[in-house]
1. Compute the separation of the alpha-carbon centres of the stretch 1-64 and the stretch 123-168 and state it in Å as a whole number.
2. How large is ³J(HN,Hα) for each residue in the stretch 9-17, as worked out from phi by the Karplus curve 6.51 cos²θ - 1.76 cosθ + 1.60 (θ = phi - 60°), to whole Hz, x for Gly and Pro?
3. Enumerate the calculated ³J(HN,Hα) couplings along the stretch 34-51 in order (Karplus 6.51 cos²θ - 1.76 cosθ + 1.60, θ = phi - 60°), each rounded to whole Hz, writing x wherever the residue is Gly or Pro.
4. Considering only protein heavy atoms, with the full assembly of protein chains and a 1.4 angstrom probe, order Lys161, Lys27, Lys11 by accessible area, largest first.
5. Which value in nm describes the separation of the simple spin-label points at Ile127 and Thr17, placed 7 Å from the Cα toward the beta carbon?
6. Sorted from largest down, give the three principal axis spans of the alpha carbons of the stretch 121-162, whole angstrom values.
7. Testing the spin-label approximation: label points 7 Å from Cα along Cα→Cβ at Ala5 and His32. State their distance in nm.
8. Kindly report, to the nearest 10 Å², the accessible surface of Thr28 as traced by a 1.4 Å probe over protein heavy atoms only.
Amino acid sequence: MNSAATEFWSKRVQCDTDILVAYALMKTGCRHQAADIVQDAFLAAIRSGTQPANPRAYLMQAVRRRSAELSRSKIEVSRLVQDVADKRIADSDSRPATRTDAPGDVDVWRVVAQLSPDFQEVIMMRINGEFSFAEISEIIGAPIGTVTSRYSRALAELRRKLQSGKPDERP
């Protein structure tokens, strides 16, 4: 293994782990899976021996790809679980009541989680990751105009949900 590449990526681990884990967590919903995905991304980067011009974008792409792969496999499992659940649960009357927060006590990230996955992704990268629109464009493989449009529409929807005081409930 190239020691220069190992040193290069070791510095990235110190700088970028938090944002990568937060992004993977947003994509997977599971801290353990998020940590595993980030670890896989770093190991693959170190093994590649490359030193890309934009290592943050390179790592985010790797995390995004691995999250998508995991998501596809989870969809199949989810369908099987849903089939079993449909057979066991007669209708929505058997669902437990959900707790609601006091008026004005809104967790913004809980509201962000109610946005479409495309909106969640650009909000998370722009706000948490402090990525530029150009970097986000490179990471997700979409034109910069699409990225800025998604960001603008996501903020508008987020603003609407927060101002209404009644974010959508998720079971």
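1. That distance is 22 Å.
2. Once rounded to whole Hz, the list reads 6, 4, 5, 5, 4, 5, 8, 10, 4.
3. Ordered by residue, 3J(HN,Hα) equals 4, 5, 5, 5, 5, 4, 4, 5, 5, 4, 5, 5, 5, 5, 5, x, 8, 9 Hz.
4. Lys11, Lys27, Lys161
5. Going from the Ile127 label point to the Thr17 one covers 2.5 nm.
6. For the stretch 121-162, the Cα extents along the three principal axes come out at 30, 19, 11 Å.
7. For the pair Ala5/His32, the computed spacing is 3.1 nm.
8. Spelled out: Thr28, probe radius 1.4 Å, area about 20 Å².
The values are calculated or read from the model by the stated rules, or taken from the named source; none is laboratory data. Every value quoted in this text rests on a predicted model; they were computed, and no experiment measured them. Virtual Cβ from ideal backbone geometry, glycine too; neighbours counted across all protein chains shown. For the accessible areas, the whole protein counts, side chains as well, though only heavy atoms, and no ligand, DNA or RNA atoms are used. Shrake-Rupley method; radii C 1.70, N 1.55, O 1.52, S 1.80 Å.
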